[in-house]
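First comes the structure, then the notes that go with it.
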Amino acid sequence: MSNLLHALRLQGWDVVALVILTAIAFFIRFFSPITPNFIAHPFSGQPISFCVPNTPADVNGNPGTLCGLAYPFTRGYKDPNGVLSPPNGQVFDEVYFPVDARSDVKGMEKCKSSTVDCPYNYFDPEPPLGKEMIAAGEWAYGWFQATFHSAQGDYIDLGFNTFGWRIASAIIGTLCIPLMYLLALRLWAKRLFAIAAATFVCFDGMFFIQSRIGMIDIFPVFFILLSYYLFLVHVQSTTRKGSLWSLVLLGFALGAGIAAKWVVLAAVASIGFFLVAGIAWRWWRTRELKLPGDVPLTTYLPMLVLAFAIIPAGVYIASWYPFFARGQFKSLADLIAYNQEAYRYHANLKATHPYGSPWWSWPLLARPVLYYAEYTNLGTDQFSGQPLYALSYNLGNPWIWWTSIPCVLSLPYFIIRHRSFPAAVILVGFITLYLPWSLITRVLFIYEMIGGLIFMVLALAFVLTWFAERATSWGRKVAIAHLALAVVFFIYFYPVWAALPLSEGAWFRGPDSPPWGPKLWLTNCDPKLSISQPQLFCWN
């Protein structure tokens with residue numbers, strides 16, 4: 001154990017912080033919605049509930065009680081053909097990814113590589129690994145149901161439900177917290193920096209809600225964090241063995257990230273830039289070609305090609321195995337053609353969406369996406385007498401997002417004035433994962449910001465720690481107060497992310513709003529605009 005802690009550069013207090021933050025992250029992600037029943041019913045029932053009663057529990061909207069990750073469940077609404085949709089309670093893009101995840105497994109079960117027109121073939125413009133991770137959760141939950149509850153049927157079918165397709169996101173989203181801690185500690189060996197960065201990830205609304213939904217966006221975030229961590233392990237290696245192994249593992253992490261979402265290509269570019277720039281900088285200063293772990297150049301160059309080209313390409317191709325297994329792909333040419341079509345889809349899509357938003361508005365939280373809404377039969381608020389509504393938006397934690405903006409803007413100062421390597425990594429990471437979205441012409445949503453959010457969080461933690469280290473009389477107090485306010489904001493906006501039923505006045509500003517105010521602050525919403533026209537600084 002001591003050898004492992006030494007390798008991870010962890011001390012006793014780091015382990016304590018990691019365990020506490022990971023446990024909190026696990027608890028709020030797996031057991032939400034957490035309802036403080038002791039407020040409304042102080043002398044009866046359980047003080048805290050993890051369930052929502054009288055909520056739609058099937059496609060017909062029949063009421064039931066749903067708990068934990070099984071909630072929320074979207075009732076079905078009739079389409080033009082009279083068919084109820086979504087058919088299985090899917091929330092937002094869960095109508096796509098969990099269905100494709102199931103098709104990957106069913107296709108391998110029911111079809112062969114020689115099959116023509118397998119009924120489980122599909123086209124999706126995103127790479128497959130995120131959906132395969134969702135499929136693993138569906139299959140595992142189906143196995144659990146069959147093994148411990150005597151359920152009958154195919155595992156993937158038994159697990160094809162709201163809990164099954166969200167469990168993988170919840171696990172990976174939880175693991176992002178300790179991984180952020182380890183990354184921050186490697187980037188700058190200050191415990192406050194690591195605690196602050198991990199705390200912000202734990203209590204940010206975007207990280208929270210994307211960890212509780214069957215969408216793919218949390219998976220590339222995990223691999224970006226892992227890739228940057230392995231990159232830092234590599235450049236800080238003191239032995240040849242450590243240098244080469246970390247480089248190989250970095251290649252696998254980058255390949256898995258690209259196979260989850262193409263946005264990870266930005267991480268490949270920035271990490272490659274820092275590797276080459278670091279080597280060039282040391283040579284310029286010392287006229288010695290010093291490589292990580294003192295690996296000879298004749299060994300390092302082939303390993304670099306292996307880590308940045310061969311391994312990622314191999315992992316990416318391997319991630320498409322279900323397509324070959326069910327006969328949708330007969331050769332690599334089919335895979336290439338599929339990816340070309342996916343690129344054309346992203347490049348040429350002209351559709352609009354009422355919750356779309358331009359890239360520059362994302363850090364301002366100008367237009368969060370409404371993921372879930374239920375306005376009927378949830379009961380009555382006992383304080384106001386108003387009917388209860390349940391809403392869920394992918395809103396970031398405003399305190400974290402808005403205070404991170406000046407911190408990101410201040411990074412050039414730390415790079416130029418203090419020659420700060422951590423500030424340089426954070427700034428380049430943010431730019432490469434955020435600014436490329438400015439070139440995309442199709443409709444975009446604020447959750448695309450989650451990759452750049454990694455570095456917004458790091459920038460905020462970096463500046464707070466810098467002040468705490470230098471302004472010892474008040475800097476540490478400011479940092480602790482900022483972290484405490486982040487938790488307070490999380491608690492205040494928690495109903496927005498967990499879809500807790502609240503009265504109308506608690507959601508929207510009006511005469512019946514409670515003393516602490518409504519949850520939806522920005523209401524620059526024009527009812528005259530068409531539903532297809534996006535609106536900014538509008539949270540409803």
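Restricted to region 446-472, and to residues there that are among the β-branched types (Val, Ile, Thr) and open to solvent by less than 20 Å² (accessible area, probe 1.4 Å), the residue that is nearest to ALA423 (Cα to Cα) is VAL463. For region 518-531, indicate whether the set of residues that are open to solvent by less than 10 Å² (accessible area, probe 1.4 Å), more than 23 Å from the chain's Cα centre (by Cα) and without any contact (Cβ under 8 Å) to a residue 24 or more places away in the chain is non-empty. Checking region 518-531: at least one residue is open to solvent by less than 10 Å² (accessible area, probe 1.4 Å), more than 23 Å from the chain's Cα centre (by Cα) and without any contact (Cβ under 8 Å) to a residue 24 or more places away in the chain. What's the number of the only condition in (1) under 16 Å from the mean Cα position of the chain (by Cα); (2) open to solvent by 10 Å² or more (accessible area, probe 1.4 Å) that SER227 fails to meet? Result: SER227 fails condition (2) only. Only a single item in (1) on the phi > 0 side of the Ramachandran plot; (2) open to solvent by 50 Å² or more (accessible area, probe 1.4 Å) is not met by GLY293, and it is number (2). When SER392 is tested against the conditions (1) assigned to a helix (DSSP H, G or I); (2) open to solvent by less than 20 Å² (accessible area, probe 1.4 Å); (3) among the small types (Gly, Ala, Ser), the lone failure is (1). Residue check: is VAL488 farther than 19 Å from GLY385 by Cβ, out of contact with any His (no Cβ under 7 Å at 6 or more places or on another chain), surrounded by fewer than 16 Cβ atoms within 10 Å (Cβ to Cβ) and modelled with pLDDT of 90 or more? Considered against the rule, which asks whether it is farther than 19 Å from GLY385 by Cβ, out of contact with any His (no Cβ under 7 Å at 6 or more places or on another chain), surrounded by fewer than 16 Cβ atoms within 10 Å (Cβ to Cβ) and modelled with pLDDT of 90 or more, VAL488 comes out as yes. Selection of first residues in region 410-422 that are within 20 Å of ILE271 (Cβ to Cβ) and of second residues that are of a type in the set (Phe, Trp, Tyr) and surrounded by fewer than 11 Cβ atoms within 10 Å (Cβ to Cβ), restricted to Cβ pairs under 6 Å at least 6 apart or on distinct chains, gives an empty result. Taking helices (runs of 4 or more DSSP H) as the structural unit, those lying wholly within region 97-172 and holding at least 3 residues that are surrounded by 21 or more Cβ atoms within 10 Å (Cβ to Cβ) and touching a Pro at 6+ places or on another chain (Cβ under 9 Å) correspond to 97-110, 129-148. A search for C-beta distances below 9 Å between a residue of region 302-320 that is at negative phi and any residue that is open to solvent by less than 30 Å² (accessible area, probe 1.4 Å) and of a type in the set (S, T, N, Q), counting only pairs 6+ apart in sequence or on different chains, returns MET303/SER243.
Among the residues of region 366-387, write down those that are open to solvent by less than 30 Å² (accessible area, probe 1.4 Å), of a type in the set (Ser, Thr, Tyr) and touching a Phe, Trp or Tyr at 6+ places or on another chain (Cβ under 6 Å). Within region 366-387, just TYR371 meets the criteria.
Step by step: first the residues of region 43-63, then only those that are open to solvent by less than 40 Å² (accessible area, probe 1.4 Å) and over 20 Å from ILE167 (Cβ atoms), then the one that is farthest from the chain's Cα centre (by Cα). Which residue is that? Per the stated criteria, the residue is GLY61. Only helices (runs of 4 or more DSSP H) whose full extent lies in region 297-365 are considered here, and the ones with at least 1 residues that are under 30 Å from CYS538 (Cβ atoms), modelled with pLDDT under 95 and open to solvent by 50 Å² or more (accessible area, probe 1.4 Å) are 332-348.
Looking across TYR345, TYR371, one residue alone is among the aromatic types (Phe, Trp, Tyr) and out of contact with any Ser or Thr (no Cβ under 8 Å at 6 or more places or on another chain). It is TYR345. Would you please name the residue that is least open to solvent (accessible area, probe 1.4 Å), looking only at residues in region 72-96 that are among the hydrophobic types (A, V, I, L, M, F, W, C) and within 15 Å of GLY61 (Cα to Cα)? Among them, the one singled out is VAL91. Is it the case that ILE213 is over 18 Å from LEU179 (Cα atoms), out of contact with any His (no Cβ under 9 Å at 6 or more places or on another chain) and crowded, with 24+ Cβ neighbours inside 10 Å? Yes, satisfied.
Residues in region 249-302 that are over 25 Å from the mean Cα position of the chain (by Cα) and not small (Gly, Ala, Ser): 24 in all.
Condition check ((1) more than 19 Å from the chain's Cα centre (by Cα); (2) over 21 Å from TRP262 (Cα atoms); (3) of a type outside the set (S, T, N, Q)) across all residues:
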site	(1), (2), (3)
ALA101	no, no, yes
GLU109	yes, yes, yes
MET133	no, no, yes
TRP143	yes, yes, yes
GLN152	yes, yes, no
ALA168	no, no, yes
GLY173	no, no, yes
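Given the criteria among the hydrophobic types (A, V, I, L, M, F, W, C), open to solvent by 20 Å² or more (accessible area, probe 1.4 Å), closer than 17 Å to ILE271 by Cα and touching a residue at least 24 places away in the same chain (Cβ under 8 Å), does LEU427 qualify? Spelling it out, LEU427 is indeed among the hydrophobic types (A, V, I, L, M, F, W, C), open to solvent by 20 Å² or more (accessible area, probe 1.4 Å), closer than 17 Å to ILE271 by Cα and touching a residue at least 24 places away in the same chain (Cβ under 8 Å).
The values are calculated or read from the model by the stated rules, or taken from the named source; none is laboratory data. None of these values were measured; they are calculated from a predicted model. Every residue, glycine among them, receives a Cβ derived from its backbone with ideal geometry; neighbour counts consider all protein chains shown. Areas reflect the complete protein model, heavy atoms only, side chains present, ligands, DNA and RNA absent. Shrake-Rupley method; radii C 1.70, N 1.55, O 1.52, S 1.80 Å.
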